[in-house]
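Each remark here refers to the structure printed beneath this line.
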Amino acid sequence: MRRFDRAAEYLARSTARNTSRRGFIGRLGAIVTATGAATLLPISRVRAEKAAVPIQVQEEGDPNSCDYWRYCAVDGFLCSCCGGSASSCPPGTEPSPITWLGTCRNPTDGRNYVISYNDCCGKAACGRCNCSRDEGATPVYQPTTANDLDWCLGTQTGVAYHCSLSVVTGPAD
Amino acid sequence: MYADRLKGLPLFMAALGLLVSSADARPAKKAAPPKVPVLATEDVTLVELKDRMPPHWVVVNDVVFTHLIDGRSYIVDADSGTYLGTVPGGHSHVGVQFTPDASTLLIPATFFSRGSRGERTDVITWFGLKDLMPGAEVVIPPKRVQALPLLSSIPLTDDGRFMLIYNFTPEQTMTVVDAAAKTLVGEFETPGCALAHMTGPRSFMMQCADGSMQSGALAEDGKITLGATTPPLFEREDPASDKPVRIASSRWLFITFSGAVAEVDNATGTPTPGARWKLTAAGEEAWRPGGLQPYAYHAPSGLLYVLMHEGGPGTHKHPGTEIWVFDVAAKKRVARLPLETPSTAVSISNDADPLLYTALFGSGTLVVRRPSDAAILRKVEGLGSDITLIQAPPVAPAAATAP
C-alpha cells in the first residue's frame, strides 16, 4: 500500500502545481479537488472478469484498430490485441495504479471524455497492435499528461510493460 | 495460346530425361583437384577494438520495443559501414555515456532477477571500448525513469567525474554516482522538475512541469543543491520538447513542439532566457520538428540539423521527411534537405569533417549521409529492430604539438 499512497500524494501535488493550466488539465484539477485523488486511481476499480469487458453498446469503432476514438493519445501496444480489451488487462498482468489522462472525442455522441491510459504490467511487451497517436501528450517533465513514460512504476510486479488500456473515466465537459 | 505451348512439354521432358540417362551411363571422369596448399590449423581468436573511439565510429541504440528487457547498443564504423560489436543494455535501454577520452562507455541499465519479472536491480556498468566486457559497476536505487530514451535522464559531467540519473517513481529525484571513485553519492529530491541538462562541470538545468527552469549545482563531493528557478517560459499548449540542444557549455536551445526556439543560459547559476526565434518562416507553419531524436548540433560549424515534417499538434513524434539546417548564431535556415526515407533520429559526428546519420524507428537501418546535401554515402542494415538514439563520440582535443 505504500506505493499506492505515494501515488495518490503525487497526483495531488502534481495537480496543485498545474491548477493554472487551461483546458482539460484544469478540469482534471476540479475532479481531483472534488472527489479526492484516490478515487481517480483506477486500481480502486479493478475487479476480475471471466472475459475481457467489451466496449460499451453505444460506442462505434473497432477497439483492435489504432483509429478507435479512445486511442487518441495512446502510445503502446493495445491490450485489445493482447488478451484483454480497451478496459481489461490480459490475464496474469497487473494494472498500473497511476497513469496519465487524455481527452478524446467520442464520434457517436460528439462529447469529450477523459480517458485513463493505464498500463498492464508484469510481463514482457505484448508486441501486437502498436499504436502511437499522441494527441495532447506532453514531454516527460509534465508527467500527468506524458505518454512517453512507463506507467508500470507503481505496480507490485515491477516496471515490465505489457500493453496499454484506454478506460473511460467520465465526460470531460 | 499458352495451352498450345504446353502441349509439347511432356515430349520435351521425356527427351531431357533420355539425355540425363545417357549422360549418367557414361564412365565418370574425376576432375583433378587444384593443387593448393593444405589449409592451416586455426586458433580461436577474439577481436579487440581500439583504445579510443574514432570520430566516425558511432553507437546506435536499440530499445527493442517488443522485447524491452533486451535493449542494446551497436557499435558501427560509419566510414566503412562495418558492424563492430554489441553492448548489452537491459530493460528500457536509453543509451551510453562516453568518458571524455572516448575510451569507455557507461551504461545505466535495469534488470529483473527472473528475466521480465522478479526483483529489480538498476546498475551503472563500465564497458571498456577495447574489449566491450562489463567491468566495474555501481548499483543505484531501482528508480531510474522508464521512458522513451532521453540522454538528459543519464548525463555525465563534462569532466567525467559524476553521473546523474533522473528517477521517477512518481516521486522525482536525482541519483548521483561518483564515476571516478565508482561509488554511489546519494539521491536528492527534485520536486516538480525533471532531467538534467549540464551547463558546466558542476551545474545543470532542469525542466519543470509548469514550464519553468530550475538550476542545480553539484558540490565537489557530488551532493546536489537546487538553486534559482525561472517563471514559466513556455505555454502549456506549446511545451518545450524534453530533447533540448546544447550549443555551448552553459547554453541550451529549448525548442517547442511547434518549432519556437528559446535560448537559456545558466552561466551564472540562474537560468537566463535569451534570444527567441522560430524554425519556420511565414507560410511554413504546417512544418514541425519531430521524432525520437529530432536535433543534431555540430559545434565546429555552428549548424543545427532538424528533422521536420508537415503535421499539426500531436505529431511531435512523427518522423521527419526533410532535414532543415540552421546557422544557430545567425538564427537563419541555410538549407532544406529532403529525405528519401522518413527518419526519427538524426545525429552528426563531432569532428571538423563530419558524417550525418539518420535512422527510422523500426527500420533497423543506419543511413550515413554527407552533411551538405544529405546524400546517402552508405547504409548499415540489420541493426536490430527499434533504433532510437544515434550517438557520436566526443572528439578529444588535438594533442599539443611538440616544440
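The values are calculated or read from the model by the stated rules, or taken from the named source; none is laboratory data. None of the values given here were measured: they were computed from a predicted structure. Methodologically, a virtual Cβ is constructed for each residue, glycine included, from the backbone with ideal geometry; neighbour enumeration extends over all protein chains shown. Remember, those area values only see protein heavy atoms, side chains included, never the ligands or the DNA or RNA. Shrake-Rupley method; radii C 1.70, N 1.55, O 1.52, S 1.80 Å.
Of the strands (runs of 3 or more DSSP E) lying entirely inside region B:156-217, those containing at least 1 residues that are within 14 Å of chain A (Cβ to nearest Cβ) and within 24 Å of the chain's Cα centre (by Cα) span B:162-168, B:172-178, B:193-200, B:203-208. Do the conditions hold for residue B:360, that is, is it open to solvent by less than 20 Å² (accessible area, probe 1.4 Å) and not β-branched (Val, Ile, Thr)? The answer is no for residue B:360.
Here is a yes/no grid of residues against (1) closer than 24 Å to residue B:198 by Cα; (2) touching a residue at least 60 places away in the same chain (Cβ under 8 Å); (3) surrounded by fewer than 17 Cβ atoms within 10 Å (Cβ to Cβ):
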{"residue": "B:241", "(1), (2), (3)": "yes, yes, no"}
{"residue": "B:257", "(1), (2), (3)": "yes, no, no"}
{"residue": "B:268", "(1), (2), (3)": "yes, no, yes"}
{"residue": "B:274", "(1), (2), (3)": "yes, no, yes"}
{"residue": "B:283", "(1), (2), (3)": "no, no, yes"}
{"residue": "B:288", "(1), (2), (3)": "no, no, no"}
{"residue": "B:297", "(1), (2), (3)": "yes, no, no"}
{"residue": "B:301", "(1), (2), (3)": "yes, no, yes"}
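The numbered conditions (1) among the basic types (Lys, Arg); (2) closer than 23 Å to residue B:335 by Cβ; (3) within 12 Å of another protein chain (Cβ to nearest Cβ) are all true for residue B:278 except (3). Inspection of region B:96-113 identifies no residue that is closer than 28 Å to residue A:125 by Cα, touching a Leu at 6+ places or on another chain (Cβ under 9 Å) and of a type in the set (Phe, Trp, Tyr).
Kindly indicate which of B:256, B:270 is more than 14 Å from chain A (Cβ to nearest Cβ) and of a type outside the set (D, E, K, R). Talk me through it step by step, then tell me what you get.
Details: B:256 fails: more than 14 Å from chain A (Cβ to nearest Cβ).
Result of the check over B:256, B:270: B:270.
Residues that are open to solvent by 10 Å² or more (accessible area, probe 1.4 Å) and within 14 Å of chain B (Cβ to nearest Cβ) were ranked within region A:68-89; the one that is modelled with the lowest pLDDT is A:75. Just to be sure, is residue B:100 more than 10 Å from chain A (Cβ to nearest Cβ), open to solvent by 30 Å² or more (accessible area, probe 1.4 Å) and closer than 22 Å to residue B:181 by Cα? So residue B:100 passes the test.
Candidates in region B:303-321 are the residues that are among the hydroxyl-bearing types (Ser, Thr, Tyr) and touching a residue at least 24 places away in the same chain (Cβ under 8 Å); of these, the one that is nearest to residue B:374 (Cα to Cα) is B:305.
So is residue B:340 charged (D, E, K, R), at pLDDT 95 or above, open to solvent by less than 50 Å² (accessible area, probe 1.4 Å) and outside any loop (DSSP other than H, G, I, E, B) or not? Judged against the criteria, residue B:340 is not a match. Can you tell me which of (1) within 30 Å of residue B:212 (Cβ to Cβ); (2) open to solvent by 10 Å² or more (accessible area, probe 1.4 Å); (3) touching a helix residue (DSSP H, G or I) at 6+ places or on another chain (Cβ under 6 Å) is the one residue A:104 doesn't meet? Looking at each condition in turn, residue A:104 falls short on (2). If the condition is being hydrophobic (A, V, I, L, M, F, W, C) and either over 22 Å from the mean Cα position of the chain (by Cα) or surrounded by 17 or more Cβ atoms within 10 Å (Cβ to Cβ) (or both), then region B:124-143 contributes B:124, B:126, B:127, B:129, B:132, B:136, B:138, B:139, B:140. In the set (1) over 30 Å from residue B:211 (Cα atoms); (2) touching a Ser or Thr at 6+ places or on another chain (Cβ under 8 Å), the condition left unmet by residue A:85 is number (2). Within region A:157-173, the set of residues being at pLDDT below 90 and either away from every other protein chain (no Cβ under 11 Å) or surrounded by 21 or more Cβ atoms within 10 Å (Cβ to Cβ) (or both) comprises A:158, A:159, A:160, A:173. Residues in region B:290-315 that are in a loop (DSSP other than H, G, I, E, B) and either within 14 Å of chain A (Cβ to nearest Cβ) or modelled with pLDDT under 95 (or both): 9 in all. Anything in region B:109-155 that is among the hydroxyl-bearing types (Ser, Thr, Tyr) and within 14 Å of chain A (Cβ to nearest Cβ)? List them, or say none. Hits for region B:109-155 are B:110, B:113, B:116, B:121, B:152, B:153.
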